[in-house]
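Accompanying notes for the structure given below.
The values are calculated or read from the model by the stated rules, or taken from the named source; none is laboratory data. Worth saying up front: this structure is predicted, and the values here are computed from it rather than measured. Methodologically, a virtual Cβ is constructed for each residue, glycine included, from the backbone with ideal geometry; neighbour enumeration extends over all protein chains shown.
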Amino acid sequence: MDLVTLVTACALGVEPKLMHALVWQQSGGEPWAVSVPNEPMPRVYSSMQQAISETRTASAATGTVRVGLAGLPVAASKANPAMFLPCRNVAIAAQRIAKLADRCKAHPQLKHDPTLCAMAVYHGSWERPDVKFAEAVTATRERRCAELRYAEGHQHRVP
């Protein structure tokens, strides 16, 4: 199953294009990715077992990491296979983001855009929402939508 189909099928409750943009920003579409704090790029492993083993080995130094396609936050020592399963990873993230979006409607600074707020809190926290990450996800979604509209507009042309 390709990534777009997987995200669409598994991200119930959240716009699939937004979830696809999250996946792209968080892991580059790599299911065995692990994002470690203060590292600019995720670590990408060749298998789930390697990702879990390496993450657990580095747990003392890393604390909380983000794992899988959608970057689920987890204590490095508690990384497990279920968190890396692509559909489950995306589904859990989508559930969390949907719940956050509901709570964001009351956020004093971000309530005007509950989706941006939810993404910022998902990647940060309520105390320190990661607005920069959320804006990058939103920009990726907008860019991808524009590309699709352009492709659709040129698809039906007769030379």
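The criterion of at least 1 residues that are over 18 Å from the mean Cα position of the chain (by Cα), surrounded by 14 or more Cβ atoms within 10 Å (Cβ to Cβ) and of a type in the set (Val, Ile, Thr) is met by the following helices (runs of 4 or more DSSP H) wholly inside the range 40-110: 48-57, 59-62.
Quick grid of which residues meet (1) modelled with pLDDT under 95; (2) of a type in the set (Asp, Glu); (3) in contact with a Ser or Thr (Cβ under 7 Å, 6 or more places away or on another chain):
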residue	(1), (2), (3)
37	yes, no, yes
54	yes, yes, no
57	yes, no, no
96	no, no, no
106	yes, no, no
109	yes, no, no
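Determine if the range 18-26 includes at least one residue that is more than 17 Å from residue 130 (Cα to Cα) and either assigned to a loop (DSSP other than H, G, I, E, B) or among the basic types (Lys, Arg) (or both). Taking every residue of the range 18-26 in turn, none turns out to be more than 17 Å from residue 130 (Cα to Cα) and either assigned to a loop (DSSP other than H, G, I, E, B) or among the basic types (Lys, Arg) (or both).
Flag not set for residue 27, criterion: among the hydroxyl-bearing types (Ser, Thr, Tyr) and either surrounded by fewer than 17 Cβ atoms within 10 Å (Cβ to Cβ) or closer than 19 Å to residue 99 by Cα (or both). Within the range 111-130, the set of residues being surrounded by 13 or more Cβ atoms within 10 Å (Cβ to Cβ) and of a type outside the set (A, V, I, L, M, F, W, C) comprises 113, 114, 115, 122, 123, 124, 129, 130.
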